[in-house]
1. Rank the residues 302, 340 as a footprinting-exposure proxy: fewest other Cβ atoms within 10 Å of their Cβ go first.
2. Could you line up 322, 410, 346 from fewest to most neighbouring Cβ atoms inside 10 Å?
3. Note down the relative contact order for the range 146-239 as a percent, whole number, built from C-alpha pairs under 8 angstrom at least six residues apart.
4. Based only on other Cβ atoms within 10 Å, what is the fewest-to-most ordering of 49, 65?
Ligand code: HEC
Ligand code: HEC
Ligand code: HEC
Ligand code: HEC
């Protein structure tokens, strides 16, 4: 059976289930019936997700394959939902049980994990296995379209202009309705044009677009778009300027006529204030201690200016020269004073951040409602500022001394924060 047949099969079954659930829902009901219907919908969605993400190890009927544990157990049916949620969301370190929660870098949001828990606790394993097998599940076969997607996504990255214009067209026809013309969000749906969304991986975004967010208006678009179209939408979501301003697509600027080098241009127009290496000066901030900023952001800032930074008109600095200047700055100035971390160091840095800062600033530095503001912003917080603020605090929060977080650890935390908000 081909992959697409497998998915058609799965979709058809889930479709029937959803219809069933919908019909139950529509009957004039008492509360318990409504709850049952809600649960049926959750189980229908959970079954799809179970087939994709869990059956591979835990078996089509939850029986446990290859020594992986069985999920068909009374103690799991009676377990507190919150306990199971934490387990599935965070995984179990040192075993193959991965962390599936979005906040842990996994692919599933809370509602999705809860729907799988509904399958484990209230579903029928006999029925679940029927769906899983009807969907073409073969134990040990790779599930999902993630592998195919990676290749398509890589190809989309190679041709950013076409990809962005495809992404914008699709976004304008399907997503604007809820997320707003510039992804600024509406009463119905959150902002997408944000550093938070940009910081999600392509796989995480693919999962949201494929499966939606159950219990909300966010639809499932799995069958609606081709892989190419999904790649274009995801590319757009990741390359939107984080600011709420309308950002025109980066125009293709022909730089072939420019005879001056980017370095010469930078030194002429920017270095007097920002320093030749972007080290900053008495009027202007350092540029080398923030990660590379989006090209659109720099272009807008240079054309409009801000406070003591004057706007640069086209007559002084035509577009082609500005492009050459920005390309130089992206690879030689921005971020050049920041340490480059290995993956192991980055993992260590993430742990440090989670231990010391996440409680108040959120797992992904997105901020928490009560305790602390987001730490990912466009433009990103400067490294020196983060260090300074952490040490000295403010009227609203005490400083954190070196005896609690050493200088070296604080540098790692800064690098971790920058890696979350890195702009391409
Ligand atoms: C790559 C294999 C693998 C996949 C995929 C996987 N798990 Fe697990 N799972 C494990 C292992 C291994 C354990 C045992 C961990 C331990 O020893 O504590 C486990 C344990 C569990 C437990 C606790 C069972 C018990 O007896 O305590 C639950 C619940 C669970 N997994 C749910 C899920 C769900 C839900 C999914 C899909 C979202 C999933 N798992 C996907 C390997 C996997
Ligand atoms: C019918 C309304 C609707 C449409 C159409 C819609 N969305 Fe959504 N979307 C939502 C809602 C509501 C949420 C918030 C779900 C939640 O509460 O977690 C959401 C959430 C998201 C998120 C997660 C954002 C976050 O901050 O966690 C992404 C990404 C997303 N949508 C992308 C898209 C894309 C791409 C399209 C077009 C293909 C689209 N949406 C179309 C309503 C919609
Ligand atoms: C006359 C001095 C001056 C010159 C020349 C100048 N800038 Fe600036 N620049 C500033 C000041 C001051 C700020 C801080 C503005 C604010 O946020 O209040 C700034 C901010 C910025 C920022 C935002 C950095 C951040 O983290 O907030 C960028 C990007 C930037 N400048 C790029 C450039 C580029 C590129 C050039 C050359 C084309 C340039 N600037 C030329 C003074 C200058
Ligand atoms: C007990 C809660 C708490 C912890 C833990 C905490 N912070 Fe904060 N942080 C805050 C609050 C509250 C503010 C806002 C203070 C204000 O606006 O005056 C803040 C503000 C900041 C700011 C300034 C943000 C801005 O936009 O100007 C930075 C940078 C910062 N914290 C870094 C850190 C780092 C790094 C850690 C971990 C080493 C950390 N914080 C741990 C509560 C906390």
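Please treat every number below as a calculation from the coordinates, not as lab data. Values in this document were obtained by computation on a predicted structure and should not be read as measured data. Cβ placement follows ideal geometry from the backbone for every residue including glycine, while neighbour counts extend to all protein chains displayed.
1. Going from sparsest to densest Cβ surroundings: 340, 302.
2. Arranged by neighbour count, lowest to highest, 322, 410, 346 become 346, 410, 322.
3. 37
4. Least crowded to most crowded, the residues run 65, 49.
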